[in-house]
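Heads up, the thing below is written out as structure tokens.
Values quoted throughout were computed directly from the atomic coordinates according to the rules given, and no laboratory measurement underlies them. Quick caveat, the model's predicted, so the values are computed rather than measured. Cβ placement follows ideal geometry from the backbone for every residue including glycine, while neighbour counts extend to all protein chains displayed.
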Amino acid sequence: MDKSERWSQKVTESSDALDLERGVFALDDPREIACSLKKSAEKSSRRKSDPYRSAMSMLTFYINRAGKQLAPEQRDRLEAAKDELRVLFGRPRRNQ
């Protein structure tokens, strides 16, 4: 494991953004991923911004850090989870 992998794992596990459910990014259903992130964001007392921004930031961070190691179907599922987060928080969907 190289230094960058250890760094991103540490951020994911100990970030002030959220306390994540174990295995949240490996869930099969984008809505389940979004619901878990929303729940974590809303109950976290350590986050530094509003729940929506914290949840979206953690999801985007995970996608960006995984980079090319994400299988295309997993990337699609995580991108779909972004849309589900927008719906759950009553935000407009991005243009498709």
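The count of lysine pairs in segment 30-91 that are at least 8 places apart or cross chains, and whose C-alpha atoms lie under 16 Å apart, stands at 4. Here the dipole of segment 30-91 is about 320 debye; that uses its Cα centre as origin and unit charges on the Cβ of Lys and Arg (positive) and Asp and Glu (negative).
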